[in-house]
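Remarks on the structure that follows.
The values are calculated or read from the model by the stated rules, or taken from the named source; none is laboratory data. None of the values given here were measured: they were computed from a predicted structure. Because the Cβ atoms are built from the backbone with ideal geometry, glycine has one as well, and the counts that use them run over all protein chains shown. Surface areas here come from the heavy atoms of the whole protein model, side chains and all, with no ligands, DNA or RNA. Shrake-Rupley method; radii C 1.70, N 1.55, O 1.52, S 1.80 Å.
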Amino acid sequence: MKRLNKLSETDFLKLFFLFLSTCFLVGAVCMPDRGEMLSGLWKILASTCKISTNYFAVGGFAATFLNMALLGFVLTGLYHFLKAPVNNVSTLAFVLTLGFGSWGINVLNLWFSVLGVVLYAAVKREKLSGHVNAMLFSTGIAPLISEMLFRYPHAEALGFHWAGLGLAVLVGVCIGFFLPAGLAYSPKVHKGFDLYSAALPIGMTAFLLQGILYKTHGVELPAAPGVETLQVASAMAANLFCGIVFGFCIVFALLMGAKPRDYWKMLTEKDQVASVTASYGNAVFLLNVGLFGLMILGYYDLVGANFNGITFGILFCMLATCNSGSNPATVWPILLGYVAASYLFRGTAALAGGNFTMTIDAQAILVGLCYANGLSPITAKYGWQYGFAAAVVHYCLVTTVPSLHGGFCLYNGGFTAALTCILVVPQLERFARTKVQRLEAKKR
């Protein structure tokens, strides 16, 4: 096992991707409704998936796990066969896309925007190996692709038809073709304080397309799935699956030679760790996957989350930043900020006579917290109190942002995190000192 710690970052992470994909395949076979797995998968592929669509309700548990497994194998294949380098950004792209496999992305709707990235590389005469991350990030607008494919401009889904296929190809190619430029520009806007950096160009693209396709043409936005669909859930399946997977990660990491003191050193860093695998090695990264994953699972259990397809998926969407610096030390202030904001605004809403719905166990808030996790660089650089404050701002914004993109951007919370950075980071740079600056001041 210790030889795995000596593998190159690319080789080890591809093995990690295969491990996760295989876990979902095994999970699919173990689900009680495995007899309907293939028919359920077809229902998922042929459905619209405006957020928040619970694939557990659409196709069943086994079909959802199968979709996630197939997604994982396809994405790993893209990295392998295109000979792409795999690093911390690739980890984020892979695990994030995998997490959406239970509520928005499937092995059909992912290809349309990927084709656009391929066209971009051909026009720019650049190797496809350098654009695999962009291919994965482009799927953040997959619900709009399914909308074009099956429903637009009607209120009800029509099923497969040639006009829808043509429209899906056109929209998907446009998304993928223009995304790489947006990905390069995005860090300049949030200055690296939003780990879900791809969310900004994806969110703005969804904002533009929602305006063009719906508002400008006077087409009414389709309704989101009924609230009753969110009740198809299983806390036992989520806890059992995640507990086993994260437990294996911890055991494997220790067998590979992960040392608690190295993990503690990472937790107590005075600035953001850009890449755990590059800075601390494969074993410490895998240990962080297990411990951070259990922390996320424990939080959602503690607040009483309903483990439907969305909540199950966001466990992995939140875990996606585990190789980009997110860990229990940088994320706990964000968790606390969300909880505090929920109780604070419950009280102020009562004083204002409002109808308060943003409880800490509300579906939108559970999803929002997942992406508030992307603000962990603020905690890492400035301290826990500033991560706490940024989380409160994110909480206030996250349920209003979907009106901008019409519910077609899966990266809604990451988009909100970028907007939070635009509001918060200039103030931090003007009025706050970093942890390093405070330490230096104490030494004088």
| Hey, does the range 200-216 have a residue that's crowded, with 19+ Cβ neighbours inside 10 Å, under 11 Å from residue 421 (Cβ atoms), aliphatic (A, V, I, L, M) and modelled with pLDDT of 95 or more? | yes
| query | Any residue in the range 2-25 that is among the small types (Gly, Ala, Ser), without any contact (Cβ under 8 Å) to a residue 60 or more places away in the chain, buried (at least 19 other Cβ atoms within 10 Å of the Cβ) and assigned to a loop (DSSP other than H, G, I, E, B)? | reply | no
| query | If you go through the range 300-308 one residue at a time, do you hit one that is touching a helix residue (DSSP H, G or I) at 6+ places or on another chain (Cβ under 7 Å), assigned to a helix (DSSP H, G or I) and open to solvent by less than 10 Å² (accessible area, probe 1.4 Å)? | reply | yes
| residue 229 is checked against (1) open to solvent by 10 Å² or more (accessible area, probe 1.4 Å); (2) in a helix (DSSP H, G or I); (3) under 26 Å from residue 195 (Cα atoms); (4) touching a residue at least 24 places away in the same chain (Cβ under 8 Å) and fails just one. What number does that condition carry? | (3)
| Does residue 329 satisfy being in contact (Cβ under 8 Å) with a residue 24 or more places away in the chain, open to solvent by 20 Å² or more (accessible area, probe 1.4 Å) and on the phi < 0 side of the Ramachandran plot? | yes
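Residues checked against (1) out of contact with any Lys or Arg (no Cβ under 6 Å at 6 or more places or on another chain); (2) touching a residue at least 40 places away in the same chain (Cβ under 8 Å); (3) under 30 Å from residue 434 (Cβ atoms); (4) open to solvent by less than 60 Å² (accessible area, probe 1.4 Å):
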site	(1), (2), (3), (4)
240	yes, no, no, no
249	yes, yes, no, yes
255	yes, yes, no, no
260	yes, no, yes, no
266	yes, yes, yes, yes
274	yes, yes, yes, no
280	yes, no, yes, yes
283	yes, yes, yes, yes
| Looking at the range 44-127, what helices (runs of 4 or more DSSP H) fall wholly within it and have at least 3 residues that are at pLDDT 95 or above and open to solvent by 20 Å² or more (accessible area, probe 1.4 Å)? | 61-81, 111-124
| task | Mind counting the residues in the range 401-433 that are free of Cβ contacts under 8 Å to residues at least 60 places away in the same chain and closer than 17 Å to residue 224 by Cα? | result | 1
| note | Selection from the range 184-199 of residues touching a residue at least 24 places away in the same chain (Cβ under 8 Å), surrounded by fewer than 20 Cβ atoms within 10 Å (Cβ to Cβ) and not in a loop (DSSP other than H, G, I, E, B) yields 189
| Out of the range 109-133, which residues are free of Cβ contacts under 8 Å to residues at least 60 places away in the same chain and either touching a Cys at 6+ places or on another chain (Cβ under 8 Å) or closer than 25 Å to residue 207 by Cα (or both)? | 110, 118, 119, 121, 131, 132, 133
| said: Being within 17 Å of residue 234 (Cα to Cα) and among the acidic types (Asp, Glu) is the filter here; which residues of the range 6-35 pass it? | reply: 33
| query | Right, residue 244: β-branched (Val, Ile, Thr) and either buried (at least 23 other Cβ atoms within 10 Å of the Cβ) or within 23 Å of residue 402 (Cβ to Cβ) (or both) or not? | reply | no
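Need a quick list: helices (runs of 4 or more DSSP H) entirely within the range 347-438 having at least 2 residues that are surrounded by fewer than 22 Cβ atoms within 10 Å (Cβ to Cβ) and within 24 Å of the chain's Cα centre (by Cα).
It comes to 363-372, 384-397, 402-405, 412-431.
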| message | Given the condition closer than 27 Å to residue 394 by Cβ, in a helix (DSSP H, G or I) and β-branched (Val, Ile, Thr), answer yes or no: does some residue in the range 159-169 qualify? | response | no
| task | Please enumerate the residues belonging to the range 128-152 that are open to solvent by less than 10 Å² (accessible area, probe 1.4 Å), over 23 Å from residue 63 (Cα atoms) and of a type in the set (Ser, Thr, Tyr). | result | 138
